[in-house]
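Here is the structure we will look at, set down as structure tokens.
The values are calculated or read from the model by the stated rules, or taken from the named source; none is laboratory data. Just so we're clear, the structure is a prediction, and the values are computed from it rather than from any experiment. In this analysis, Cβ positions are derived from the backbone assuming ideal geometry, glycine residues included, and neighbour counts consider all displayed protein chains. Side chains included, ligands, DNA and RNA excluded: accessible areas come from the protein's heavy atoms. Shrake-Rupley method; radii C 1.70, N 1.55, O 1.52, S 1.80 Å.
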Amino acid sequence: MDLRLNGKIALVTGAGSQSGYGRKIALFLANEGCVVVAADINEDGANQTAAEIQGLGSQAMAIRIDVTKRHEVDRAVREILERLGRIDILVNNAGTSSRLRPFLEMTPSDWELDIGVNLVGQMNVAQAVLPGMLSRKYGRIINTSGGQGIPNISIYGAAKAGVEAFTHALAMEVGHAGVVVNGVGPGLGKTGLTANAPSEFLEAHARGTAFGRLCTPEDVAPVVAFLASDVCSYMAGQFITLSTS
């Protein structure tokens, strides 16, 4: 299937982790013909992803973004627009989690981290790119969710539940102007997000899935590409959930 992504400019946040979903999403979009902006708070990682894309013969740039800092997000978006002229696709993939711990042991700083990156961060980047999309009456925004109801990551899950509510509302606000907003809920995988999770936790989760294994970046990237494409033209505010437990 031709996803009609050739020449589209895609900003992928959280693309710097070499074990995360963002890197594979960026590579997949590049393979479909997108010009990719690999963004991450880890600038070295973003550079590594962009270099890998360029090594495959596709166009990419890297940029540092701390999604929790609106002034930094605005600065990064201005730089992208100056260099590339527009942003067609936003993949709001950047995420993190405070330590795996019961709610009663979490601190306000843990809450601030989980909500700041996973909810406010997605809102910051979406609001920064939307004016350009609305002026051109074209855009695709893909937000990421997941983790609701899993013990010991309660605030992370709460932030992601907020992302889903935000996504539904935003889709209804901007769909009439040609901006399609949807989301993806990747399953739990061996990424930077779970690097400190006990192996027993991951193994138990894998056993509870339909396939008996954890989610991989290769599972996630094609779904994001579909949501980013012109093929996905009459679905708004929806989440494709890859968790099979």
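Okay, here's what the table says:
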item	result
Checking Thr96 against (1) part of a loop (DSSP other than H, G, I, E, B); (2) within 23 Å of Thr216 (Cα to Cα); (3) of a type in the set (Val, Ile, Thr); (4) in contact with a strand residue (DSSP E or B) (Cβ under 9 Å, 6 or more places away or on another chain), the condition it does not meet	(4)
Meets criteria (open to solvent by less than 40 Å² (accessible area, probe 1.4 Å) and under 28 Å from Gly7 (Cα atoms)) for Val224	yes
Residues of region 135-152 that turn out to be crowded, with 16+ Cβ neighbours inside 10 Å, outside any loop (DSSP other than H, G, I, E, B) and of a type in the set (Ser, Thr, Tyr), as a count	1
Identity of the residue in region 85-134, touching a residue at least 60 places away in the same chain (Cβ under 8 Å), hydrophobic (A, V, I, L, M, F, W, C) and surrounded by 17 or more Cβ atoms within 10 Å (Cβ to Cβ), that ends up nearest to Gly149 (Cα to Cα)	Ala94
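Rundown of residues vs (1) closer than 20 Å to Tyr138 by Cβ; (2) acidic (Asp, Glu); (3) in contact with a Lys or Arg (Cβ under 6 Å, 6 or more places away or on another chain), yes/no style:
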{"site": "Lys24", "(1), (2), (3)": "no, no, no"}
{"site": "Gln54", "(1), (2), (3)": "no, no, no"}
{"site": "Ser58", "(1), (2), (3)": "no, no, no"}
{"site": "Ala62", "(1), (2), (3)": "no, no, no"}
{"site": "Val67", "(1), (2), (3)": "no, no, no"}
{"site": "Glu79", "(1), (2), (3)": "no, yes, no"}
{"site": "Glu82", "(1), (2), (3)": "yes, yes, no"}
